[in-house]
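Here the structure is laid out as structure tokens; the discussion comes afterwards.
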Amino acid sequence: MTDQNKGAAFRALHQKGNPFILANAWDIGSAKMLAGLGAQAIGTSSAAHAFTLGRPDMGHVTRDEALAHAQDLVAAVNVPVSGDFENGFGDDPDTCAETVRLSYEAGLAGISIEDTALPSATPYEREYAVERIRAAVAAARALPGDFVLVARADGVMNGECDLEEALARIAGYEAAGADCVYIPLPGTLADQARVCAATTLPVNALAAGPLSQVSRADLAQAGVARISLGSALARVTHRVIHDAAQAMFAHGDFSMLGTGMPGSEVDALLKP
């Protein structure tokens, strides 16, 4: 599948009320497993990728590192791949635009850009955040192929603004030409439905926190078009490491190691 076809295929997956699952992977193996198990598209995860490098989330991975990581995933699977690219790896609009161009060259079908002035949790001023998205949109529209630009308002998740402010921000992002909008962890399922009702664009929902306890059907009824995992699946693997290690080192108990997948099943999912 060519980059142009991947972009168009990725866009076609975004259907309000019929959400697909954007399966966020953290390395080549997890990407191949998720694609082999039925993922229609793969996403990177800024947090999960940072964890593989022994770093925390929130602005501790460079653009070059993120692009190289994304290229690895693109080469590993035959489904569209989207980049979770934090704040576009810079404060100014021109940097966001350059990140869009480099992402397309890396084979990505789209990226998300958030409005957080990393490494702090403080959001950019709303007008400036909209200006950044406008520049990214202009770069995306100038590309030779389709490219899905997602604009994120992260202030609610980061405890920096209320839902009213986040809704005002996504309205600005829609006016700036974004293809999809995203308010991570807006609160309840009713809050998520309110986000979907506030825009004509496809909406991404994060399957984490309270929304990890509802079904795809519930999110579809709320009007969601895309469900991403963020770092949630990676954190599930970290929970297994944590719990198994505590049992081993504190009690000499290795029983959790007997619950793993058979190697032959893993091997089958990793074959080209």
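The values are calculated or read from the model by the stated rules, or taken from the named source; none is laboratory data. In this text the structure is predicted, and so the values were computed from the model without any measurement. So basically every Cβ, Gly included, is an ideal-geometry build from the backbone, and we count neighbours across all protein chains shown. Each accessible area value is taken on the protein alone, full model and side chains, heavy atoms only, with ligands, DNA and RNA left out. Shrake-Rupley method; radii C 1.70, N 1.55, O 1.52, S 1.80 Å.
The table that follows gives values for the structure above.
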{"item": "Mean shadow area of the range 1-83 over all directions, Cα convex hull, nm²", "result": "5.8 nm²"}
{"item": "Separation of the A171 and D267 label points, Cα + 7 Å toward Cβ, nm", "result": "5.9 nm"}
{"item": "Probe 1.4 Å, protein heavy atoms only - accessible area per residue of the range 113-173 in square angstrom", "result": "38 Å²"}
{"item": "Principal semi-axes in Å for the range 117-199 [√(5λ), Cα gyration tensor, largest first]", "result": "22, 15, 10"}
{"item": "For the range 208-215, 3J(HN,Hα) per residue [Karplus equation, 6.51 cos²θ - 1.76 cosθ + 1.60, θ = phi - 60°, Hz, x = Gly/Pro]", "result": "8, x, x, 7, 7, 9, 10, 8"}
{"item": "Angle between the chain longest axis and helix 3-13 axis [Cα atoms, degrees, rounded to 10]", "result": "90 degrees"}
{"item": "Under Karplus coefficients 6.51, -1.76 and 1.60, residue-wise ³J(HN,Hα) of the range 88-93 in Hz, glycine/proline x", "result": "x, 6, x, 7, 7, x"}
{"item": "Once the Cα gyration tensor of the chain is diagonalised, semi-axes √(5λ) in Å", "result": "30, 21, 19"}
{"item": "Contact order relative to length of the chain, as percent, for alpha carbon pairs under 8 angstrom and 6 or more apart", "result": "21 percent"}
{"item": "Solvent-accessible area of V214 with every protein chain in place, 1.4 Å probe, in Å² to the nearest 10", "result": "40 Å²"}
{"item": "Computed helical MRE - 222 nm, the chain, DSSP H runs ≥ 4 contributing -39500 (n - 2.57), nearest 500", "result": "-14500 deg cm²/dmol"}
{"item": "Per-residue ³J(HN,Hα) for the range 98-114, Karplus 6.51 cos²θ - 1.76 cosθ + 1.60, θ = phi - 60°, Hz, x for Gly and Pro", "result": "5, 5, 4, 4, 5, 5, 5, 5, 7, x, 6, 8, x, 8, 10, 10, 9"}
{"item": "Whole-Å distance, taken between Cα centres, linking the range 42-64 and the range 112-175", "result": "19 Å"}
{"item": "Hypothetical label at V236: residues of the range 10-36 whose amide nitrogen lies under 17 Å (7 Å Cα-Cβ projection)", "result": "20-27, 29-36"}
{"item": "Cα-Cα P(r), the range 1-156, percent of pairs per 5 Å interval", "result": "2, 10, 20, 22, 21, 16, 8, 1, 0"}
{"item": "Calculated FRET efficiency for the pair D92/D243, C-beta based, R₀ 45 Å, to 0.05", "result": "0.55"}
{"item": "Surrounding net charge for A41, when Lys and Arg each add one and Asp and Glu each subtract one, Cβ distance under 13 Å", "result": "+2"}
